[in-house]
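A.B. asks: The structure under discussion is supplied below as structure tokens; questions concerning it will follow.
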Amino acid sequence: MATNTANPLATNFELELDGPLTSYWLALLRVITGWWFFHAGVTKLIEDGLAYSYGPMYMQEMTGTALGPIPVWMGNNLAWLIAPGVPLFETLIGLALMTGLLTRLASIGGVIFMTLFWIGNAGFGHGLVNSDLMGLLLFVTVLVLGAGRYYGLDAIVEQTKLVKRHPKLRYILG
């Protein structure tokens, strides 16, 4: 770390991507992101069970968004799937991330949710960079860096004979 007060960049500071600080940070990021989604899903399950009617109603009113008529159609025709799906999938995505099991698969689900939220809330009154985009970036980070391998169950599952015989399974783990 730089100690020269005249030029703080005089010596090299290296943050190794395979070092312990990065491992701790990725695990913490994964768990916090998982808790965020788990809490959102469980709260909906406790309040409404698998009949989360706000999701379809919200989509039915999304007439002026960048998605055009698609969410309105989905809210009208796919309410049977959206009402139970939102709380259930938020809960499962959160559990998967908190435990570090099937992390990439769960992150893909989070990316889909957050992309729809970001585009669906496309009034962009605060610009393109908003909390939905930040959530999307969290999921992409967990996905790309395979954060389930850091203090998660994916690291254990990847050592099994099944995964060693079928290495492509690692694409949904990590």
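The values are calculated or read from the model by the stated rules, or taken from the named source; none is laboratory data. Because the structure is a prediction, the values reported are computed rather than measured. Virtual Cβ from ideal backbone geometry, glycine too; neighbours counted across all protein chains shown. Just so you know, the surface numbers come from the protein's heavy atoms only, side chains and all, with ligands and any DNA or RNA stripped out. Shrake-Rupley method; radii C 1.70, N 1.55, O 1.52, S 1.80 Å.
A.B. asks: Restricting to the stretch 139-148, what's the tally of residues that are part of a helix (DSSP H, G or I) and crowded, with 21+ Cβ neighbours inside 10 Å?
C.D. replies: Within the stretch 139-148, the subset part of a helix (DSSP H, G or I) is 139-144, 147-148.
Those still in the list that are crowded, with 21+ Cβ neighbours inside 10 Å too: 139, 142, 147-148.
Total meeting the criteria: 4.
A.B. asks: Could you please tell me which pairs satisfy a Cβ distance under 6 Å, a separation of 6+ or placement on different chains, a first residue in the stretch 60-73 that is more than 13 Å from residue 119 (Cα to Cα), and a second residue that is open to solvent by less than 40 Å² (accessible area, probe 1.4 Å) and of a type in the set (Gly, Ala, Ser)?
C.D. replies: Correct list of pairs: 60/75.
A.B. asks: Scan the stretch 41-51 for residues that are out of contact with any Gly (no Cβ under 7 Å at 6 or more places or on another chain) and open to solvent by less than 30 Å² (accessible area, probe 1.4 Å) and jot them down.
C.D. replies: Taking the stretch 41-51 first, the residues out of contact with any Gly (no Cβ under 7 Å at 6 or more places or on another chain) are 42-51.
Answer for the stretch 41-51, where residues must be out of contact with any Gly (no Cβ under 7 Å at 6 or more places or on another chain) and open to solvent by less than 30 Å² (accessible area, probe 1.4 Å): just 49.
A.B. asks: When the residues of the stretch 90-131 are filtered to those that are aromatic (Phe, Trp, Tyr) and buried (at least 18 other Cβ atoms within 10 Å of the Cβ), which remaining residue is modelled with the highest pLDDT?
C.D. replies: First, pick out the residues of the stretch 90-131 that are aromatic (Phe, Trp, Tyr): 113, 117-118, 124.
From what is left, the residues that are buried (at least 18 other Cβ atoms within 10 Å of the Cβ) are 113, 118.
On the way: 113: 90, 118: 83.
So, considering only residues that are aromatic (Phe, Trp, Tyr) and buried (at least 18 other Cβ atoms within 10 Å of the Cβ), the one modelled with the highest pLDDT is 113.
A.B. asks: Between a residue in the stretch 25-42 that is over 19 Å from residue 112 (Cα atoms) and any residue that is among the hydroxyl-bearing types (Ser, Thr, Tyr) and open to solvent by 30 Å² or more (accessible area, probe 1.4 Å), which pairs come within a Cβ distance under 8 Å, given they are 6 or more apart or on different chains?
C.D. replies: 26/150; 27/150; 27/151
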